[in-house]
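The values are calculated or read from the model by the stated rules, or taken from the named source; none is laboratory data. Being a predicted model, the structure only gives us computed values, none of them experimental. Quick reminder, even Gly has a Cβ in these numbers, built from the backbone with ideal geometry, and neighbours come from all protein chains shown.
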Amino acid sequence: MRHELRGLAMLAPLALAACGPAGPSAEQRAAAVDAFATVKEVFQHPRCQNCHIPGDAPLQFDAGVAHAQAVVRGPDGHGAPGLPCGTCHGESNPPASYGPHAPPGAPHWALPPPSMRMVTQGLSAPALCAMIKDTKENNGRDFAALIKHVSEDKLVLWGWNPGGERKPVPVPHAQFVEKFKVWADAGAVSVGVTDARRSGEMTNFPSERPATAEDRAVPGHRKGDPIPGLAGSAVGWNARRENRETLRVFEPRAGTTRKASLVPA
Amino acid sequence: MVSLTINGKTQDFDVPDDMPLLWVIRDVAHLTGTKFGCGLAQCGACTVHLDGAPLRACVTPVGAAAGKAITTIEGLSPDGTHPVQRAWAELDVVQCGYCQSGQIMSAVALIKAKPEPTDADIDAALSGNICRCGTYPRIRAAVHRAATLAKETTR
């Protein structure tokens, strides 16, 4: 099986590039697009998505609110130096006798590292599809490695056994893996905007913004009307809704590089 | 029966595997320097080290700590002269004191991971340790002082 998949992974880009008879049939393609809807549902379930975020503060609970105690991603994804995720999140869920509110646990509890964020939050089907198979964004995983990750990784599997009163991922794990394989076996067809429109999502394209927009690292991702000043200069503000943290964006002269600075609320 | 190494001393404890480590440390091993605050890993009072990494003992089943090195506040130094303890005394950080063993254990973990922490590093590392007296400004100052003392000690 593994050899077959490796072969597929190598052939897939060629097939896609050729767009000829070597590509998936229309039927296969439709099945793959349909299967990808399940993949998306799982990847963007709170159990998975709460840590696959563009910013540096992980989320928690089904509502995906900012993690208590101002917990951060940290230099390697394992939390701040001195407060690693493992301080509270053990190797497995605590015994039921600890009550529903004790922190859950699974091996290597962490976020993706800051250099490889693997953001799934808020991505449209086409954007998520592109991210999952882009080895520059998925930590160099080919399809064999991706399938191994979704099938066997203990932290991934925790999503189906989250303990406490947390909602598990609603799609049965075996069915999810099956759908992932259907999509991968069809050469991981690119789910396009048209496919997404047909399936009823993306009516106003709210998630077409680049992933980095959420953490406001690049002021240019935001649009707005800055307040004009002298000699063509301008100033604008970016406020983060959750904590009212304010980012000041200053444009010395029209057309010059914008400078952003963080201003305490 | 669980075999635990607490502060360098290995001992067998006749307790169930799922008993919180904090219960064993305080009620069975009688090391009461580590405090119970919330029982939910929300306050940080119960922080100990497991193989050198910080851990909330109140939500850790004792079975998960078997065979690993546990360090409690009592194990930092035999006479209270660990750089962090010295800094704490020098700056008179403590008010009521209940959270302080947890604060100190987190500070030790931070300085170990980051020998010259900035204010932001301190805030990030100790954000899980709550002090109801609000001694945070002194805690932050003491962590800086401890980092300096630790450097002098190793020199």
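One table, with the values for the structure above:
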| item | result |
| --- | --- |
| Elements of type helices (runs of 4 or more DSSP H) contained in the stretch A:97-167, each with 1 or more residues being touching an Asp or Glu at 6+ places or on another chain (Cβ under 7 Å) | A:125-133 |
| Pair list, Cβ < 6 Å and 6+ apart or interchain, from the stretch B:64-93 residues that are within 17 Å of B:Leu110 (Cα to Cα) to residues that are surrounded by fewer than 16 Cβ atoms within 10 Å (Cβ to Cβ) | B:Pro83/B:Thr153 |
| Matching option when the condition is loosely packed, with under 15 Cβ neighbours inside 10 Å and modelled with pLDDT under 95, among A:Asp153, A:Asp142, A:Asp134, A:Asp195 | A:Asp134 |
| Some residue of the stretch A:19-27 being closer than 23 Å to A:Leu128 by Cβ, of a type in the set (A, V, I, L, M, F, W, C) and at pLDDT below 95 | yes |
| Candidate set: the stretch B:1-21, residues that are touching a residue at least 40 places away in the same chain (Cβ under 8 Å) and among the β-branched types (Val, Ile, Thr); chosen: the one nearest to B:Pro78 (Cα to Cα) | B:Ile6 |
| Subset of the stretch A:79-109 [more than 7 Å from chain B (Cβ to nearest Cβ), surrounded by 19 or more Cβ atoms within 10 Å (Cβ to Cβ) and at negative phi] | A:Cys85, A:His89, A:Asn93, A:Pro104, A:Gly105, A:Ala106, A:Trp109 |
| Residue selected from the stretch A:42-69 under the condition among the aliphatic types (A, V, I, L, M) and part of a helix (DSSP H, G or I), by the criterion farthest from A:Val177 (Cα to Cα) | A:Ala68 |
| Selection within the stretch A:70-87 - part of a helix (DSSP H, G or I) and at pLDDT 95 or above | A:Cys85, A:Gly86, A:Thr87 |
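Residue-wise test of (1) more than 11 Å from chain A (Cβ to nearest Cβ); (2) over 24 Å from B:Gly128 (Cβ atoms).
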residue: B:Gln11; (1), (2): yes, yes
residue: B:Asp17; (1), (2): no, yes
residue: B:His30; (1), (2): yes, yes
residue: B:Gly39; (1), (2): no, no
residue: B:Thr47; (1), (2): no, no
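Yes/no matrix, rows are residues, columns are (1) outside any helix (DSSP H, G or I); (2) surrounded by fewer than 24 Cβ atoms within 10 Å (Cβ to Cβ):
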{"position": "B:Arg86", "(1), (2)": "no, yes"}
{"position": "B:Asp92", "(1), (2)": "yes, yes"}
{"position": "B:Ser106", "(1), (2)": "no, no"}
{"position": "B:Lys112", "(1), (2)": "no, yes"}
{"position": "B:Glu116", "(1), (2)": "yes, yes"}
{"position": "B:Ile122", "(1), (2)": "no, no"}
{"position": "B:Cys131", "(1), (2)": "yes, yes"}
{"position": "B:Ala141", "(1), (2)": "no, yes"}
{"position": "B:Lys151", "(1), (2)": "no, yes"}
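Residues are listed down the side, and each one gets a yes or a no for (1) away from chain A (no Cβ under 13 Å); (2) aromatic (Phe, Trp, Tyr):
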residue: B:Ala65; (1), (2): no, no
residue: B:Thr72; (1), (2): yes, no
residue: B:Asp79; (1), (2): yes, no
residue: B:Gln85; (1), (2): yes, no
residue: B:Trp88; (1), (2): yes, yes
residue: B:Ile104; (1), (2): no, no
residue: B:Leu110; (1), (2): no, no
